[in-house]
Amino acid sequence: MLQGMRDDEEFGRITLAEVAEKAGVSISTVSKVLNGRQDVAAPTRVKVEQLLETHSYRRTTRAAREAPLVELVFHELDSIWAMELIRGVQNVAKAHGVGVVLTESGTRQAPAPDWIDAVLQRSPRGVVLVFSALPAEVKQRLRSRSIPFVIVDPAGDPDPDVPSVGSANWNGGRVATRHLVELGHRRIGVITGPDDMLCSHARLDGYRSALAMAGIGADPDLVRYGDFHVEGGFEQALELLDLPEPPTAVFAGSDLQALGVLEAARIRGLRVPEDLSVVGYDDVPVARWSSPALTTVHQPLREMAEEAVQMIMRLRDQEPVTTRLELATSLVVRKSTAPPSS
């Protein structure tokens, strides 16, 4: 008999004993799988979880076994951008009377393989992930334990069955570039994000669209891929500023990269915005305190995180949710942009 389980707990029309029999394992092994224990061979665990999913298992006492937590999972935590997402998750979690646990795991694409065992042991009320997508096994195991999950600010294009909250990256790139065009700039450099991230390409496409609408040919020499960090922005900006025909303006795909552009301009003896206009992206708090204050695209990071947690709570209550939610971006004009000097 399983500890904490009643004989009348069933998987659809199948009993715990029948699941064990079909999987060719003991009832205690089924219990270990249900409780996220790591001491089960991977093939056995997969077989049991497939049976759980096939028979639509739902614990009758799920709430009693859940930890009062929402888990937020990043591949890196050392950025101002991450802090905005953390604040958003915290705001809604607090309103629902639950705490937040932060986990750093994996790469931009997906969490590390060992993360799923740990999260099943913690058994949070839901998981917010900052990744491109989730492997099929991870999705299956979370669903087998009725742990809802949402991807926020996806780096890639999540599967249709994965709820996600993002922002209008193409429009962000377009309005940033259009602002510079309207000021009179014609040689506009761009430092977008990593080449393997969908948002990087969306912002770059917006940049190209704004140039095309203004009848300006896109010069490939003015396009750089960065890493969304200050150092990357600095290095790529130096390359742009050292061109035989340097740009008179730079659109950076993140505020941190824009800070790197400001430093590169200083090193090269250029004044911002008199000699070089700079536009960032994200509108993190430091943008208004840079020198000069940064013109940037407001990406509603905090609101995106808040929406992700709201989706988690609705999924927990088996309410319908929009699988893809995209929040608007907008331009915030400050002091780092001006008409070209000549």
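Quick look at the values:
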| read-out | value |
| --- | --- |
| Single unsatisfied condition, residue 235 versus (1) open to solvent by 20 Å² or more (accessible area, probe 1.4 Å); (2) of a type outside the set (Gly, Ala, Ser); (3) within 19 Å of residue 176 (Cα to Cα) | (3) |
| Residues located in region 238-258, provided they are out of contact with any Pro (no Cβ under 9 Å at 6 or more places or on another chain) and surrounded by fewer than 22 Cβ atoms within 10 Å (Cβ to Cβ) | 238, 239, 242, 243, 244, 245, 246 |
| Odd one out for residue 301, checked against (1) aliphatic (A, V, I, L, M); (2) open to solvent by 10 Å² or more (accessible area, probe 1.4 Å); (3) modelled with pLDDT under 95; (4) touching a helix residue (DSSP H, G or I) at 6+ places or on another chain (Cβ under 9 Å) | (2) |
| Scan of region 304-336 for residues that are more than 27 Å from residue 100 (Cβ to Cβ) and open to solvent by less than 20 Å² (accessible area, probe 1.4 Å), ordered by number | 336 |
| Single residue of region 160-188 satisfying the filter (closer than 30 Å to residue 147 by Cβ and of a type outside the set (Gly, Ala, Ser)) that is surrounded by the fewest Cβ atoms within 10 Å (Cβ to Cβ) | 160 |
| Qualifying residue in region 212-219 (condition: closer than 15 Å to residue 297 by Cα and either open to solvent by less than 10 Å² (accessible area, probe 1.4 Å) or touching a strand residue (DSSP E or B) at 6+ places or on another chain (Cβ under 9 Å) (or both)) | no |
| Region 83-123, residues that are without any contact (Cβ under 8 Å) to a residue 24 or more places away in the chain and in contact with a strand residue (DSSP E or B) (Cβ under 6 Å, 6 or more places away or on another chain) | 90 |
| Residues located in region 13-32, provided they are open to solvent by less than 50 Å² (accessible area, probe 1.4 Å), modelled with pLDDT under 75 and either within 37 Å of the chain's Cα centre (by Cα) or not hydrophobic (A, V, I, L, M, F, W, C) (or both) | 15, 31 |
| Count of region 191-203 residues which are touching a residue at least 40 places away in the same chain (Cβ under 8 Å), in contact with a helix residue (DSSP H, G or I) (Cβ under 9 Å, 6 or more places away or on another chain) and over 18 Å from residue 332 (Cα atoms) | 7 |
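Conditions tested, residue by residue: (1) at negative phi; (2) at pLDDT below 85; (3) more than 16 Å from the chain's Cα centre (by Cα).
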| site | (1), (2), (3) |
| --- | --- |
| 68 | yes, no, yes |
| 73 | yes, no, no |
| 76 | yes, yes, no |
| 94 | yes, no, yes |
| 105 | yes, yes, no |
| 119 | yes, no, yes |
| 123 | no, no, yes |
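The values are calculated or read from the model by the stated rules, or taken from the named source; none is laboratory data. These figures come from a predicted structure and were not determined experimentally. Positions of Cβ are generated from backbone atoms using ideal geometry, with glycine treated the same way; all protein chains shown enter the neighbour counts. Accessible surface is based on the protein model in full, side chains and every heavy atom, while ligands, DNA and RNA are left aside. Shrake-Rupley method; radii C 1.70, N 1.55, O 1.52, S 1.80 Å.
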